[in-house]
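Here the structure is laid out as C-alpha cells; the discussion comes afterwards.
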Amino acid sequence: MSLDVGLQTDPETYGATATDEARRQIEICNACRYCEGYCAVFPAITRQKVFADGDITQLANLCHNCRGCYHACQYAPPHDFALNLPRALAETRAESWERLAWPRPLAQLFQRSGVALALALAAGIALLFLAVLGAAGQGRGFYAWMGHGAMVAIFLPSFLLPLAALAVSLRRYWREVGGARLHRRDLSDAVVAAGRLRNLSGGQGQGCNYEIGDRYSDARRWMHQAVMYGFLLCFAATVAGTVLHYGFERPAPYGFWSLPKLLGVPGGLLLTLGAAGLIWLKLRADPDLGAPDRWGGEMAFVALLLAVAVTGLALYAATGTAAVGGLLALHLGSVLTLFLLTPYSKMAHGFYRFAALLREAQIARGARR
C-alpha cells in the first residue's frame, strides 16, 4: 500500500517531542486505515486529516494500550516507518498527565521514581501511625486504636485535596482537547463504554494482545474489571459505614452480615485478584510497547492498590487479636499514600480516560447531527 508522498515518515527527522512522534505515526495510520475496525482510536483518527496538539492528547488518552494495532501493522519495525503506535500514544499520554497535573513537579517525580516514592511514603506514614496508635483511641474495634475524630481529621482532607488537584488537571485537559458543554447522552455513552471496558476488547470483541504477543486474550480486561468493581465496592462500603455512623448512630465495628462488610469483603477480594493479576500481566508484557520510562510509576500504583486490598482483608481477619495495631498502621499508611498520590500516579488515568470517553461521545454525537 502506498502512502501520500507528503507524509513525514522518517522518525529520525520528524520531531523531538512525544506529541510530534505520535502525530507522525497517526498521520501514517490515517493514510493506511488497515486498523480502522480496531479500538475507538482508529475511527476517531479517520474523522480528520490535520491533528492539533489537543487532538493528539485526546487520542492518546482514548487509547487503552491493547496493542493489537502493533501486531497487525505492516509498517512496524523493522520497516523504515518504524510505527509503534501503542508506545507513541503511551508516552504522549504519560506526558499529558505530567503537563496537566497540578502541581506539575510532583507528577514528574512520581512517574520517574514511583516505586521508591510510594514505598518510602507508605512506610513512613505507617511508622507514624504505629507510633501514635492507641494514644487517643476511644471505643471498640479500630476506634480503640485511633479515635473516629482523628481518622476523619486525617483522611477527609487527604481525600478531598487530591481530588481538588485532580479537578484542576481535568479542567486543563478538557480545555486542551476542545471539550464543550456536556449532554446527558454523552455521559450515558461514556459510562457504558467505561463500565464494559469496551476498548480493552480490541474493538472486535476478541480481546487484547497485551501479554502474549500476537495472540488475543481477555485477561487484561478481566483484571481491570476486577480492580474497578472491587474499588467501587470498597468505596461503597466506606459510604455505607459513614451513613450508619452519622445517620443511624451505629459506629463500627460491624458484623459480617452488615452492609459495610457485605460490600467491603467482596470488594477487597476483587481488588486483590485484579491488582495481583495486573502485576503478573505487566511483568509478562513487552515494555517497549508502552512507556518504559514510566514503568516504575505504573507498577507502584498497582502495588499500592494490592497493598490496600491485602492489608484491609488481613485487618478484618485479625479482628480481636494483638495483630490489629500493626495491620491497622500498614493499612492506613497504604490508603493515605494512595489518596495523596492520586493526582500524580496512574490512579489519575481512570479519570483522564473517562474524560476522553466523554469527549469522544460528544464528538460522535455532533457527527450524527
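The values are calculated or read from the model by the stated rules, or taken from the named source; none is laboratory data. All values reported here derive from a predicted model rather than from experimental measurement. A quick note on method: Cβ atoms are made from the backbone with ideal geometry, for glycine too, and the neighbour counts reach across all protein chains shown.
Looking at Asp55, Asp10, Asp80, Asp20 in this structure, which one is on the phi < 0 side of the Ramachandran plot and at pLDDT below 90?
Asp10
Can you find a residue in the range 32-48 that is at pLDDT below 90 and touching a Pro at 6+ places or on another chain (Cβ under 8 Å)?
Yes, there is a match, as at least one residue in the range 32-48 is at pLDDT below 90 and touching a Pro at 6+ places or on another chain (Cβ under 8 Å).
Let's see how each residue does on (1) within 20 Å of Ala219 (Cβ to Cβ); (2) buried (at least 22 other Cβ atoms within 10 Å of the Cβ); (3) at pLDDT 90 or above; (4) in contact with an Asp or Glu (Cβ under 8 Å, 6 or more places away or on another chain):
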{"position": "Asp286", "(1), (2), (3), (4)": "yes, no, yes, no"}
{"position": "Trp295", "(1), (2), (3), (4)": "yes, no, no, no"}
{"position": "Leu304", "(1), (2), (3), (4)": "no, yes, yes, no"}
{"position": "Leu330", "(1), (2), (3), (4)": "no, yes, yes, no"}
{"position": "Leu336", "(1), (2), (3), (4)": "no, no, yes, no"}
{"position": "Ser345", "(1), (2), (3), (4)": "no, yes, no, no"}
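Rundown of residues vs (1) closer than 30 Å to Arg67 by Cα; (2) aliphatic (A, V, I, L, M), yes/no style:
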site: Leu233; (1), (2): yes, yes
site: Leu263; (1), (2): no, yes
site: Arg294; (1), (2): yes, no
site: Leu305; (1), (2): yes, yes
site: Ala317; (1), (2): no, yes
site: Leu327; (1), (2): no, yes
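I'm trying to understand the selection: among the residues of the range 241-261, which are surrounded by fewer than 17 Cβ atoms within 10 Å (Cβ to Cβ) and within 31 Å of the chain's Cα centre (by Cα)?
Thr242, Val243, His245, Ala252, Phe256, Leu259
Between a first residue in the range 31-43 that is at positive phi and a second residue that is loosely packed, with under 15 Cβ neighbours inside 10 Å and of a type outside the set (Lys, Arg), which pairs have beta carbons less than 9 Å apart while being 6 or more apart in sequence or on different chains?
Close Cβ pairs (under 9 Å, with a partner that is loosely packed, with under 15 Cβ neighbours inside 10 Å and of a type outside the set (Lys, Arg)) amount to Arg33/Thr46.
Of a type outside the set (D, E, K, R), within 26 Å of Ala44 (Cβ to Cβ), out of contact with any Cys (no Cβ under 9 Å at 6 or more places or on another chain) and without any contact (Cβ under 8 Å) to a residue 40 or more places away in the chain: which single residue out of Val192, Val177 fits that description?
Val192
Under the condition of being assigned to a loop (DSSP other than H, G, I, E, B) and under 17 Å from the mean Cα position of the chain (by Cα), which residue from the range 194-240 is modelled with the lowest pLDDT?
Here the residue is Leu197.
Which one is modelled with the highest pLDDT, of the residues in the range 58-77 that are part of a loop (DSSP other than H, G, I, E, B) and in contact with a Lys or Arg (Cβ under 8 Å, 6 or more places away or on another chain)?
Per the criteria, the residue is Cys63.
What pairs come out if I take residues in the range 302-318 that are assigned by TED's automatic domain parsing to the domain that holds Ala348 and in a helix (DSSP H, G or I) and pair them with residues that are among the hydroxyl-bearing types (Ser, Thr, Tyr) and surrounded by 22 or more Cβ atoms within 10 Å (Cβ to Cβ) whose C-beta lies under 8 Å away, six or more apart or interchain?
Leu304/Ser334; Leu304/Thr337; Leu304/Ser345; Ala307/Ser334; Val308/Ser334; Thr311/Ser334
Please go through the range 125-145 and pick out each residue that is at pLDDT 75 or above and either surrounded by 15 or more Cβ atoms within 10 Å (Cβ to Cβ) or polar (S, T, N, Q) (or both).
Ile125, Ala126, Phe129, Leu130
Can you tell me which residue among Asp186, Asp218 is among the acidic types (Asp, Glu) and free of Cβ contacts under 8 Å to residues at least 60 places away in the same chain? Before the answer, list the steps.
Working: Asp186 fails: free of Cβ contacts under 8 Å to residues at least 60 places away in the same chain.
Of Asp186, Asp218, the one residue that is among the acidic types (Asp, Glu) and free of Cβ contacts under 8 Å to residues at least 60 places away in the same chain is Asp218.
Which of the residues belonging to the range 208-232 are in contact with a helix residue (DSSP H, G or I) (Cβ under 8 Å, 6 or more places away or on another chain), surrounded by fewer than 20 Cβ atoms within 10 Å (Cβ to Cβ) and of a type outside the set (S, T, N, Q)?
Glu211, Ile212, Gly213, Asp214, Tyr216, Asp218, Ala219, Trp222, His224, Met228, Tyr229, Leu232, listed by residue number.
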